[in-house]
Amino acid sequence: MAKAAKNSSSTGTTGATAAQKQNASLTSKARSSIPPVPPLKPNKKAGFIAHLHHSILIWIYQYELTFGLYMLDPWEKTVFNTFIGLLFVLGSYATWRVLPEYARYMIQQGIYYLAPIDAPVDPAGRTAL
């Protein structure tokens, strides 16, 4: 009996078995899958900053519920949000670089097909505005 107590103290356990520790970790993980409570609305007399803060909290709340981020650990949320941010930045850059030329080309095509006369053509073969 004294030998078992010595073994448990040498391994650093406080008397809890491995099954109890596993159940405790499962219980804490199950608790994290419960959706968070929405933020409380500020009172009517609160200022603009309080209402803006509440709106931002609601947006974060909706974002976490929509994508199920409330179930993730903080490091997993960071990885996911970094990936989403990177996609947003790359998409914005591509839109900024490509959209003006594409819009100009579509306007030229519209003029070409809708104009009763031929529009002048530049050396590159595109219709000039």
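The values are calculated or read from the model by the stated rules, or taken from the named source; none is laboratory data. The shown structure was predicted, so the numbers you read here are calculated from the model rather than taken from an experiment. As a convention, Cβ positions derive from the backbone with ideal geometry for all residues, glycine included, and neighbour counts pool all protein chains shown. Just so you know, the surface numbers come from the protein's heavy atoms only, side chains and all, with ligands and any DNA or RNA stripped out. Shrake-Rupley method; radii C 1.70, N 1.55, O 1.52, S 1.80 Å.
Annotations for the structure displayed:
- Cα gyration tensor shape for the range 57-117, rounded if a/c is under 1.5, else prolate or oblate: prolate
- Among 68-77, 42-51, the peptide with the highest mean count of other Cβ atoms within 10 Å heads the list, and the full ranking is 68-77, 42-51.
- Charge context of residue 51, other residues only, Cβ under 13 angstrom, K/R +1, D/E -1: +3
- For residue 92, the solvent-accessible surface with a 1.4 Å probe is about 50 Å², rounded to the nearest 10.
- Accessible area (Å², 1.4 Å probe, nearest 10) - residue 97: 150
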